[in-house]
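Novice: One structure coming up, written as structure tokens, with questions to follow.
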Amino acid sequence: MGKIISFANQKGGVGKTTSAVNVAASLGLMGYNTLLVDLDPQGNATSGVGIAKKRLKYSMREVLTGEATAKDAILTTECEKLSVLPSNITLAGADFQMFQMKDEPWNIMKKAFAEIKDEYDYIIIDCPPSLGMLTTNALTASDGVVIPMQCEFYALEGLSQLMITIKQVKAHYNSALTITGILLTMYASRFLLTQQVKNELRKHYEGKLFDTTISRGVGLAAAPSHGMPIYYFDKRSKGAAEYLAVAKELQMRI
């Protein structure tokens, strides 16, 4: 049975999509049959693995509204053992539509994934930068959640709110949900602020920090514009090595 892991943070620009795409691609490289689920209306995870957002026949919107099954919408990618359940801007209205559904609107994604969960070793969900119904659905369907974040104090404030949301989902909808780990991104060890924030995280979330951190890098910034995860864009880069290390650590944590 596949493990479902959400990458979530309501704060934008923290490397959430970059992390979801590259961890999913790294798991595929390690030999695991992996599905990347794009739950962000911006569709950046979709284009990040080389899928044209404008040409989709079915997307996550149709899956969540019952117009298509997950199997209908899944596409293969050119990356090893990596498929994608794509998204585009049409998903933006799904939050409201899901609220109108009378039968457990928080549980729609879990039900939609029931028929495909056993076909994958890992299902990686790229959540939107918000704590609405889409993210609630992802957390309800997940075994664990990875929180990518930058080493800055605003990020610490946002983390507190996310932890409250995770606690509420765990209490009401998914008692099995765990925090798989906090992944530090755009990491610059030479900055004092970076070390201060890291120390705060260690103090309050002991054992939750990934040992691997993700450095800033030109390759990581450029790879999405080519529709490639970092390994396929520049497999000798530091970013490729770091995300492979994160994937291996994730495998041990989940």
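Novice: What full-extension length gain, to one decimal in nm, is calculated for residue 97 and residue 55 as 0.36 nm per residue of separation minus the Cα-Cα distance?
Specialist: Result for the pair: 12.8 nm of gain on full extension.
Novice: So, one more: Please arrange 38, 95, 103 by accessible surface area, largest first, computed with a 1.4 Å probe and ligands excluded.
Specialist: Ranked list, largest accessible area first: 103, 95, 38.
Novice: If you add up the charges near residue 16, with Lys and Arg at +1 and Asp and Glu at -1, over every other residue whose beta carbon is less than 10 angstrom from its beta carbon, what do you get?
Specialist: My count for the surroundings of residue 16 gives -1.
Novice: What is the distance, in nm, between label points placed 7 Å from the Cα along the Cα-to-Cβ direction at residue 156 and at residue 107?
Specialist: 4.0
Novice: At a probe radius of 1.4 Å, what is the per-residue accessible area of residue 89, in Å² to the nearest 10?
Specialist: 120
Novice: State in Å² the accessible area per residue of the range 72-192; use a 1.4 Å probe, count heavy atoms of protein chains only, and round to the nearest integer.
Specialist: 45
Novice: Taking every pair of alpha-carbon atoms in the range 70-208, what share in percent sits in each 10 Å bin, from 0 to the bin with the longest distance?
Specialist: 10, 35, 33, 19, 3, 0
Novice: Counting each DSSP H run of 4 or more residues in the chain as -39500 (n - 2.57), what helix-only mean residue ellipticity at 222 nm follows after dividing by all residues, to the nearest 500 deg cm²/dmol?
Specialist: Rounded to the nearest 500, the figure is -12000 deg cm²/dmol.
Novice: Does the chain come out rounded, prolate or oblate by the C-alpha gyration tensor, with a ≥ b ≥ c the root eigenvalues, rounded set by a/c under 1.5 and, if not, prolate when a/b is larger than b/c and oblate if not?
Specialist: The shape class here is oblate.
Novice: Tell me, what is the FRET efficiency for residue 130 and residue 222 to the nearest 0.05, using R0 = 30 angstrom and their Cβ-Cβ distance as r?
Specialist: After rounding to 0.05, the efficiency reads 0.65.
Novice: So, in nm, how far is label residue 196 from label residue 119 when the simple model puts each one 7 Å beyond its Cα toward the Cβ?
Specialist: Reported label-point gap for residue 196 and residue 119 is 5.0 nm.
Novice: Mind giving me the FRET efficiency for residue 71 and residue 241? R0 is 35 Å, r the Cβ-Cβ distance, nearest 0.05 is fine.
Specialist: It comes out at approximately 0.55.
Novice: Can you work out the Karplus-derived ³J(HN,Hα) for every residue in the range 165-175? Use 6.51 cos²θ - 1.76 cosθ + 1.60 with θ = phi - 60°, whole Hz, and x for glycine or proline.
Specialist: 4, 4, 4, 5, 4, 4, 6, 10, 10, 8, 5
Novice: Highest mean first, how do 162-171, 230-239 rank when packing is the count of other Cβ atoms within 10 Å averaged over residues?
Specialist: 230-239, 162-171
Novice: Another question, then. Using a probe of 1.4 angstrom, how much of the accessible area of the range 2-139 is carbon and sulfur, in percent?
Specialist: Reported share for carbon and sulfur atoms: 49 percent.
Novice: Measure of size requested: the Rg and Dmax of the range 36-112, with Cα atoms as the atom set and Å as the unit; please supply both.
Specialist: Computed over the Cα atoms of the range 36-112, radius of gyration and Dmax are 12.3, 40 Å.
Novice: If packing is taken as the average count of other Cβ atoms within 10 Å, what order do 125-134, 74-83 fall into, highest mean first?
Specialist: The densest-packed peptide leads the list: 125-134, 74-83.
Novice: Report, to the nearest whole %, how much of the accessible area of the range 207-254 belongs to carbon and sulfur atoms, 1.4 Å probe, protein only.
Specialist: On the range 207-254, the fraction of accessible area on carbon and sulfur atoms equals 54 percent.
The values are calculated or read from the model by the stated rules, or taken from the named source; none is laboratory data. From a predicted model like this one, the values you see are computed outputs, not experimental measurements. Neighbour counts run over all protein chains shown; Cβ positions are idealised from the backbone, glycine included. What goes into the accessible areas is simple: the full protein's heavy atoms, side chains included, and nothing from ligands, DNA or RNA. Shrake-Rupley method; radii C 1.70, N 1.55, O 1.52, S 1.80 Å.
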